[in-house]
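Right, one structure below, let's go through it.
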Amino acid sequence: MALSDKERLELLTAPGAAFPLRDHTVDGHTYQVFDREPRTLRNAFAEMRTHGSARAIGYRDEYWSYDDMWSEMTALAHALRDRHGIAKGDRVGIAMRNYPEFVMIFGAVQLLGAVAVPFNAWLKGNELAELVLESAPRVLFADQERAELARRLEFAGGATSTTLVGVRSPAADGVVAYADLLTDRRPAQQSDAPEVEVSPEDISTILFTSGTTGRPKAAAHSHLNHSASLLNKLIRAVKLDVPADGGAVRVSPAPHSCKLVTFPFFHIAGINTMYNSLYAGHTLILMYKWDAPEAVRLVEQEKVNEISGPPFVVQTFLTAAREGGKDLSSLRTLGMGGAAAPLGVIAEAREVLGPNILPRTGYGMTETTSGVVAISGVDFERRPTSVGRTLPTAEIGIMGADGALLGIGEEGEVAFRGPQVIRGYAGIADSPDFRDGWFFTGDIGRIDEDGFIYLVGRVKDIVIRGGENINCSEVEACLSSHPHVIEAATLGAPHPTLGEELVAIVHVHAGGAVEAEELRAYAAERLAKFKVPARIAIVHEFLPRTASGKVIKRELIGELGLDWLLEPEAA
């Protein structure tokens, strides 16, 4: 019996079903939450031990079973508590690339009821030092590069007692070796986590936002936030069998999946992928950093079933797959997130990977504990410009300038509320991003009559040219639809009479014979004249991005040496 997505979710969330819902009130606002386990990340990680000898993690030529993972996590948890005094609510920092140890440390912190604070491993020394000093973790785990930075910059600042633990780094004065925390490790069957009471409302993680509009803010996630995110992922993955004769509905786990992780674990999408996959008993294949040809090799070697990442990751993967000559028949799903999916990527994926590949995308951010909107399969093919519909416990509002809810088809600021939305930022008592129970995203969007959501721009990503508003996302989408273009970014340049005019930086395919004037003519055929970029710089490299894959427009000009692009023209 074929079910629509709406009918499927209604069956799964009905009273007595596998994912029942109940009302939950926080700060005077009531919304629905899942009424089932896991209610905390501590419980989620504790349940992972049931997967036993199945493979959990692969990194280069190293592999961990779930038994191995449980044994290492519990040894770390006991060592952190007994030797370093880490207790419920204490902060533990993690500054490293996607090593397997990141998973072990993160899990150990959750088992203790402590707070994991991942730091962006791409930050420069002073930027990293500022965030570590701000969050003041009692223990900081760091890989070799970050550990050297920590020692040189003295993160503890002489005012705190942060213990530095070196991961995959040589012994050094003042640095505890990671291996020293595993000396009392016991076999998985003989190891239990430390006893601690953890509530869904307790803080589980603090993640710093990407900071595209200024200094990163510390998003404080509760266990409820993560639990809602995990269960929303799980509900979309389980198999549902509805007998034609009206018999009992049967729910079974999704088939085993081997996933190639491309999102960094210090990003909410990476953490989300980590616990969602491991809770379901899947296998994670890790990479030190993104390398498209290496990713293609790993898909063939490890029989990877799923890969997802920001659009530039997906596009470079497809390019490498086209040229690599590898057997990629194991791939079932290609996911995109972190930025709008380029037009034509579905067709390209089918061409390169075969007709059975399942494309999907979604929408979310740090403050919503990753995705709260999703779309895949036929829906995605029919609506390639949509980011999908909201997940069961997420509520969306399209807000007018006065904060009032707008109707179907009207454009306004996208806002969310529900159990996946954080209550606020650590250290900021009253943020304008959180109002009357809603989190205001800063994105402009609309909803159609079927509930599908479309993003059309950013509240502040507008160039005002002679009194006319130009939506940067609209122009970027137009330029990106040109067959020679990989990605585009637009921004405002000063103009003596118009105030601003639009300029663009366009990344084209290697060997692509396209000139700036050709792209301007292409845009002029599709956009109003005032929206056509006055100047276009063509580059042959990927544009600088945040960890979530968003282009950092404020850094584009300097990093690419394109100062001329912003020089005002004569009146």
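The values are calculated or read from the model by the stated rules, or taken from the named source; none is laboratory data. Fair warning: this is a prediction, and the values are worked out from it, not measured in the lab. Every residue, glycine among them, receives a Cβ derived from its backbone with ideal geometry; neighbour counts consider all protein chains shown.
What do you reckon, is G309 surrounded by 14 or more Cβ atoms within 10 Å (Cβ to Cβ), touching a residue at least 12 places away in the same chain (Cβ under 8 Å) and over 22 Å from G377 (Cβ atoms)?
Details: surrounded by 14 or more Cβ atoms within 10 Å (Cβ to Cβ): yes; touching a residue at least 12 places away in the same chain (Cβ under 8 Å): yes; over 22 Å from G377 (Cβ atoms): no.
In short, no.
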Q. Any idea how many residues of the range 464-498 are surrounded by 15 or more Cβ atoms within 10 Å (Cβ to Cβ) and either aromatic (F, W, Y) or free of Cβ contacts under 8 Å to residues at least 12 places away in the same chain (or both)?
A. 0
Q) Can you tell which of E300, E323 is assigned to a helix (DSSP H, G or I), closer than 26 Å to G511 by Cα and more than 19 Å from the chain's Cα centre (by Cα)? A) E323
Q: Determine the pairs where a residue that is at pLDDT below 70, located within the range 142-161, has a partner that is of a type in the set (G, A, S) with Cβ atoms under 7 Å apart, the partner being 6 or more residues away or on another chain.
A: L153/G125; L153/A129; F155/A129; T160/A136
Q.
Just to be sure I understand the filter: pairs with C-beta atoms under 8 Å, separated by 6 or more residues or on different chains, first member in the range 39-57 and within 16 Å of P253 (Cβ to Cβ) and in the same structural domain as M104 (by TED's automatic domain parsing), second member surrounded by fewer than 22 Cβ atoms within 10 Å (Cβ to Cβ) and aliphatic (A, V, I, L, M). Which pairs pass?
A. none
Q. Within the bounds of the range 179-197, is there any residue that is over 20 Å from H267 (Cα atoms), in contact (Cβ under 8 Å) with a residue 60 or more places away in the chain and crowded, with 22+ Cβ neighbours inside 10 Å?
A. yes
Q) When the range 509-545 is examined, which residues are found to be in contact (Cβ under 8 Å) with a residue 40 or more places away in the chain and part of a helix (DSSP H, G or I)? A) L519, Y522, A523, F530, K531
Q: For the range 163-179, enumerate the residues that are part of a loop (DSSP other than H, G, I, E, B), under 28 Å from the mean Cα position of the chain (by Cα) and either at pLDDT below 90 or closer than 17 Å to G125 by Cβ (or both).
A: S169
Q: Output the residue which, of all residues in the range 270-281 that are within 22 Å of Q301 (Cβ to Cβ) and touching a residue at least 60 places away in the same chain (Cβ under 8 Å), is farthest from the chain's Cα centre (by Cα).
A: G281
Q) For the range 251-301, which residues satisfy the criterion of being farther than 15 Å from M69 by Cβ, touching a His at 6+ places or on another chain (Cβ under 7 Å) and among the small types (G, A, S)? A) S257
(Q) Could you go through the range 5-14 and let me know if any residue there is surrounded by fewer than 20 Cβ atoms within 10 Å (Cβ to Cβ), among the acidic types (D, E), part of a helix (DSSP H, G or I) and within 24 Å of the chain's Cα centre (by Cα). (A) yes
Q | Sole residue being at pLDDT below 95, closer than 30 Å to E145 by Cα and not charged (D, E, K, R), chosen from G89, G113, G125 | A | G125
Q: Please identify the pairs in which a residue from the range 255-269 that is in contact (Cβ under 8 Å) with a residue 24 or more places away in the chain has its Cβ atom under 7 Å from the Cβ atom of a residue that is of a type in the set (S, T, Y) and assigned to a loop (DSSP other than H, G, I, E, B), counting only partners at least 6 apart or on another chain.
A: H267/S548; I268/T369; A269/S548
Q: Take V304 and decide whether it is under 21 Å from R55 (Cβ atoms), in contact (Cβ under 8 Å) with a residue 40 or more places away in the chain and either of a type outside the set (D, E) or surrounded by fewer than 19 Cβ atoms within 10 Å (Cβ to Cβ) (or both).
A: yes
